[in-house]
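Peer 1: Mind having a look at this structure? Questions to follow.
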Amino acid sequence: MALSPQKIIVEDRQVPLDATSEPPALFDGTTRLYMSYTCPFAQRVWITRNLKGLQEEIKLVPIDLFNRPAWYKEIVNPANKVPALEHNGNIIGESLDLIKYVDSNFNGPSLYPEDPTKREFGEDLLKYVDATFVKTVFGSFKSDPVKETASVFDHVENALKKFDDGPFFLGELSLVDIAYLPFIERFQVFLDEVFKYEIIIGRPKLAAWIEKMNKMVAYTQTKTDSDYTVNYFKKFM
């Protein structure tokens, strides 16, 4: 089922909380997404929130990852990572679990199709994204990305050919697109800038998918500055 037109809510980006910041009124009934504006894992949940129209229901709490408040680890997330969701008196972490949780436990359009074939394929893609795709591309930065990432980008291209009822992985916009989007956003910028490797060359489905994503307001509001991405990813070289 196609998503209804997105409700455009312009949100000012708050100054991230750092070591000098006091904690919010924890467990007061407010649903909070602890995140970072530059973290691709947190961006997954941020996009999911926006697509479901939950901007007013789930409050963003940005954290300064380079100067984290001590209370964040002590009383919010012992793993000291983002994203984390405060909901109904509990803290839930891990981005792939969280996008499923937000989709299942909040109002708004469903972001996972009911069709069993699509769901099975979607689960395979969700298992692949962090364990193979992201890991392989990050690992290539120290050597030859053009050679070492060809198989995983081709895997993405072929996955986008599976269903012909739309430009998305499952033929319709879903959690799978959201899981891949923050990383493909960054990898495209970094590989082109540093290695002169344009990942869409020879991959028309991927090119069409990126073009479609870049017209989606729920996503474009969450994008990371390209210069920041390039400078940060250089640390992995």
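Peer 1: So how many residues does segment 78-106 have that are among the small types (Gly, Ala, Ser) and on the phi > 0 side of the Ramachandran plot? I'd like the intermediate steps shown before the answer.
Peer 2: Going through segment 78-106, the residues among the small types (Gly, Ala, Ser) turn out to be 79, 84, 89, 93, 95, 104.
Now restrict to residues that are on the phi > 0 side of the Ramachandran plot: 89.
Residues flagged as among the small types (Gly, Ala, Ser) and on the phi > 0 side of the Ramachandran plot within segment 78-106 amount to 1.
Peer 1: For the condition of a type in the set (S, T, N, Q) and touching a strand residue (DSSP E or B) at 6+ places or on another chain (Cβ under 6 Å), what is the one hit in Asn105, Asn77, Asn88?
Peer 2: On the way: Asn105 fails: touching a strand residue (DSSP E or B) at 6+ places or on another chain (Cβ under 6 Å); Asn88 fails: touching a strand residue (DSSP E or B) at 6+ places or on another chain (Cβ under 6 Å).
Result of the check over Asn105, Asn77, Asn88: Asn77.
Peer 1: So for segment 204-221 (the condition being free of Cβ contacts under 8 Å to residues at least 24 places away in the same chain, aliphatic (A, V, I, L, M) and open to solvent by less than 50 Å² (accessible area, probe 1.4 Å)), does at least one residue qualify?
Peer 2: Yes, segment 204-221 contains a residue that is free of Cβ contacts under 8 Å to residues at least 24 places away in the same chain, aliphatic (A, V, I, L, M) and open to solvent by less than 50 Å² (accessible area, probe 1.4 Å).
Peer 1: When residues of segment 164-184 are filtered for being free of Cβ contacts under 8 Å to residues at least 40 places away in the same chain and within 26 Å of Tyr37 (Cα to Cα), how many remain? Can you show your working first?
Peer 2: Kept after step one, since they are free of Cβ contacts under 8 Å to residues at least 40 places away in the same chain, are these residues of segment 164-184: 164-166, 177, 184.
Checking which are within 26 Å of Tyr37 (Cα to Cα) leaves us with 177, 184.
Of the residues in that region, 2 qualify.
Peer 1: Same structure, new question: Within segment 101-118, how many residues turn out to be in a helix (DSSP H, G or I), in contact (Cβ under 8 Å) with a residue 12 or more places away in the chain and open to solvent by 70 Å² or more (accessible area, probe 1.4 Å)?
Peer 2: Quick first cut of segment 101-118, residues in a helix (DSSP H, G or I) only: 101-105, 116-118.
Pick out the ones that are also in contact (Cβ under 8 Å) with a residue 12 or more places away in the chain and you get 101-103, 105, 118.
Checking which are open to solvent by 70 Å² or more (accessible area, probe 1.4 Å) leaves us with 105.
Matching residues across segment 101-118 total 1.
Peer 1: Go through (1) closer than 23 Å to Leu170 by Cβ; (2) without any contact (Cβ under 8 Å) to a residue 40 or more places away in the chain; (3) not hydroxyl-bearing (Ser, Thr, Tyr) one by one and return the number of the condition Lys147 breaks.
Peer 2: Checking Lys147 against (1) closer than 23 Å to Leu170 by Cβ; (2) without any contact (Cβ under 8 Å) to a residue 40 or more places away in the chain; (3) not hydroxyl-bearing (Ser, Thr, Tyr), the one that fails is (1).
Peer 1: In addition: Given the options Lys162, Lys127, Lys135, Lys118, name the one that is more than 23 Å from Ser226 (Cβ to Cβ), charged (D, E, K, R) and under 16 Å from the mean Cα position of the chain (by Cα).
Peer 2: Values: Lys162 fails: under 16 Å from the mean Cα position of the chain (by Cα); Lys135 fails: more than 23 Å from Ser226 (Cβ to Cβ); Lys118 fails: under 16 Å from the mean Cα position of the chain (by Cα).
The conditions single out Lys127.
Peer 1: Looking at (1) open to solvent by 70 Å² or more (accessible area, probe 1.4 Å); (2) modelled with pLDDT of 95 or more; (3) not hydroxyl-bearing (Ser, Thr, Tyr), which is the one condition that is false for Phe233?
Peer 2: Only one criterion in (1) open to solvent by 70 Å² or more (accessible area, probe 1.4 Å); (2) modelled with pLDDT of 95 or more; (3) not hydroxyl-bearing (Ser, Thr, Tyr) is unmet by Phe233, namely (1).
Peer 1: Counting only residues that are surrounded by fewer than 18 Cβ atoms within 10 Å (Cβ to Cβ) and not in a helix (DSSP H, G or I), how many does segment 119-161 have?
Peer 2: Matching residues across segment 119-161 total 4.
The values are calculated or read from the model by the stated rules, or taken from the named source; none is laboratory data. It should be emphasised that the depicted structure is a prediction, and the values quoted were computed from it without experimental measurement. Counting neighbours? That spans all protein chains shown, and the Cβs are built from the backbone with ideal geometry, glycine included. With ligands, DNA and RNA removed, areas are computed over all heavy atoms of the protein, side chains included. Shrake-Rupley method; radii C 1.70, N 1.55, O 1.52, S 1.80 Å.
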